[in-house]
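Here's the structure we're looking at; comments come further down.
The values are calculated or read from the model by the stated rules, or taken from the named source; none is laboratory data. Bear in mind that the values here come from a model prediction, so they are computed numbers and not experimental data. Ideal geometry is used to build each Cβ from the backbone, glycine not excepted, and the neighbour counts take in all protein chains shown. To get the accessible areas, we keep the full protein, side chains included, count just its heavy atoms, and leave off ligands, DNA and RNA. Shrake-Rupley method; radii C 1.70, N 1.55, O 1.52, S 1.80 Å.
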Amino acid sequence: MSEYILEMKNITKEFPGVRALDDVTLKVRPATVHSLMGENGAGKSTLMKCLFGIYGLDKGEIILDDKKVNFSGPAEALRNHISMVHQELNQVLDRSVMENVWLGRFPMKKGLVDHQKMYEETKKIFDEFEIGVNPSVKTGNLQVAQRQMIEIAKAVSYDAKVIVMDEPTSSLTENEVEHLFKIIDKLKGNGVSIIYISHKMEEILKISDEVTVMRDGKWVATKPKEELSTDLLIQMMVGRELKERYPQRNVTPGEVVLKVENLSTVTPAFEDVSFELRKGEILGIAGLVGAGRTEVLETLFGIRQKGTGKIYYKGREIKNSVPREAMKNGFAMLTEERRKDGIFQDLSVSFNTIIANLDIYKKNGLLNDKKIKKNVEETIQKIRVKTPSDSTKIGNLSGGNQQKVILGRWLLTDPEILLLDEPTRGIDVGAKYEIYQLMNKLVEDGKSIIVVSSEMPELFGVCDRIMVMSNGKQSGVFNAKEATQFEIMEASAKYI
């Protein structure tokens with residue numbers, strides 16, 4: 001009997017113009033956490049799609065439980081007890097939690113769906129893993145973090161031997177991450193193996209038993225956690241030494257460009273928020289999930305309806321009632337859930353790059369293809385998007401490269417104020433550094449940025465000041481160079 005529950009041997013996969021996987025091997029032991037790391041575009045997602053039968057193999061073999069397998073698609077993989085928690089949630093938001101968990105395999109009774117049994121089975125899994133969600137509630141009413149936990153419960157419900165978790169903590173706070181780690185420990189205790197894909201070094205070194213690193217579609221190394229350090233992981237991932245996680249910036253913020261006074265929403269999301277944003281400043285927003293961080297950005301951008309309060313831009317009161325008005329006033333917003341409301345995944349990189357600024361390419365009712373081509377190619381080079389061409393479907397790119405395209409889209413509108421909601425969510429350390437450099441360049445050019453992040457080190461590393469939200473209220477504003485993580489966490493829990 002093999003010492004491995006899963007072996008992917010010498011996997012090769014080619015697409016037109018690119019070899020996505022080149023002789024990659026991944027071996028996972030029973031009841032362990034095997035982490036898979038690499039920069040965006042390294043081939044991690046492609047390897048998992050080969051495992052699930054979404055892509056056919058050009059070369060190599062897959063062995064599960066000592067048997068050679070070659071799944072025709074995800075349904076067959078699930079029947080063979082391999083499941084996956086995707087980074088980009090793909091749920092039916094207007095249906096209940098339990099319907100999402102059992103979608104496509106509802107328990108039946110006399111030809112009808114047995115809702116009672118479905119509720120009880122869901123509740124049983126939720127209770128075992130301490131997931132405090134009512135199985136009957138509508139999925140769309142939940143926070144992203146809660147929906148992430150539902151996906152984990154769904155993966156467990158397939159009686160999985162191997163669960164792939166793709167960036168499972170990208171939307172979770174520190175407390176929720178600890179809860180997830182308890183769930184993973186319990187799964188290991190039940191004999192389940194976890195393939196854990198993440199860019200967060202601290203998590204990898206905390207939770208892994210073994211780590212495999214990929215780069216440019218190739219296997220680099222597989223090592224036990226004990227032999228690894230953050231610096232060594234970075235070096236293996238990017239192929240070079242990256243001395244600083246956060247680039248240095250020498251900008252002194254100037255005059256106030258945005259002033260928010262006693263801002264509240266019509267629906268009860270947050271109330272009485274006041275702050276100033278200066279020219280050349282990066283202002284961070286910290287807080288637990290549900291604190292109102294995203295809602296503040298959405299209200300400033302006109303996605304969410306403002307109730308009371310005032311917004312002043314360069315001394316002039318503005319409304320920003322809808323996103324188009326906000327864009328005219330020099331605002332741009334990068335949303336948290338790129339697959340849901342950020343990209344047109346079946347359309348090209350080119351289309352996704354220009355869509356926010358389409359009017360400037362029109363002349364006599366026709367689009368100027370030459371100008372579009374020039375701007376798109378310049379943007380791809382400027383922000384280093386890894387794509388075979390600008391006509392490639394954006395849905396075929398890695399998550400980090402999708403994020404770069406969206407950022408490039410907004411830069412083409414030449415905004416004065418950028419609202420960035422989790423801009424480095426699911427992005428590798430090398431690409432993160434590039435986005436931090438881009439943010440620095442923008443503020444050096446006189447732009448101003450408000451950034452929401454669940455990663456405390458990121459807020460301290462890139463921001464001038466940090467505003468903390470707690471339970472829909474503003475609980476403090478701190479100088480990022482002087483504050484401590486304890487002070488930020490204390491403020492985050494102030495009104496709970």
Just need the Rg to Rh number for region 404-496, please, alpha carbons only, Kirkwood Rh. 0.99
Please calculate how many Å² of accessible area region 379-455 carries per residue, with a 1.4 Å probe and no DNA, RNA or ligand atoms counted. 30
Skip the ligands, DNA and RNA, and give the accessible area per residue of region 1-100 with a 1.4 Å probe, whole Å². 44
Charge sum, other residues only, whose C-beta stays under 11 Å from Tyr436's C-beta, Lys/Arg counted +1 and Asp/Glu -1: +1
Report, for the chain, the % of DSSP beta bridges that are antiparallel, rounded to 5. 60
Let me cross-check Trp102: its accessible surface, 1.4 Å probe, with only protein heavy atoms counted, in Å² to the nearest 10? 30
What would the Debye formula give as log10 I(q)/I(0) at q = 0.15, 0.18, 0.19, 0.22 Å⁻¹ for the alpha-carbon point model of region 140-239, no solvent? -0.67, -0.93, -1.01, -1.23
Taking Cα pairs closer than 8 Å and at least 6 residues apart, the relative contact order of region 139-267 in percent is 15
Keeping the other protein chains in place, figure out the carbon and sulfur percent of the accessible area of the chain, with a 1.4 Å probe. 48
Where only protein heavy atoms count, and the probe is 1.4 Å, what is the accessible area per residue for region 186-255 in Å²? 50
The chain, relative contact order [Cα under 8 Å, separation at least 6], %: 16
By its C-alpha gyration tensor, with a ≥ b ≥ c as the square roots of the eigenvalues, how is region 1-93 shaped: rounded for a/c under 1.5, else prolate for a/b larger than b/c, else oblate? rounded
To check my understanding: the extent here is largest minus smallest coordinate of the Cα atoms along each principal axis. What are those three numbers for region 281-423, in Å, largest first? 46, 39, 26
Rounded to a whole number, the Stokes-Einstein D of region 93-147 in µm²/s (Kirkwood radius over Cα pairs; 4 °C; 1.567 mPa s) is 112
Could you let me know the centre-to-centre spacing of region 86-110 and region 340-408, using Cα atoms, in angstrom? 33
Relative contact order, percent, of region 363-473 when contacts are C-alpha pairs under 8 Å separated by at least 6 residues? 22
Mind checking the dipole of the chain: about its Cα centre, +1 per Lys or Arg Cβ, -1 per Asp or Glu Cβ, Debye to the nearest 20? 1340
Just from its helices, what would the mean residue ellipticity at 222 nm be for the chain, if runs of 4 or more DSSP H residues each count -39500 (n - 2.57) and the sum is divided by every residue, rounded to the nearest 500 deg cm²/dmol? -9500 deg cm²/dmol
With every protein chain left in place, what is the accessible area of Arg105 in Å² (1.4 Å probe, nearest 10)? 60
Sort Lys259, Lys154 by accessible area with a 1.4 Å probe, largest first. Lys259, Lys154
Reference-scaled alpha-carbon Rg (2.2 N^0.38 Å with N residues) for the chain: 1.00
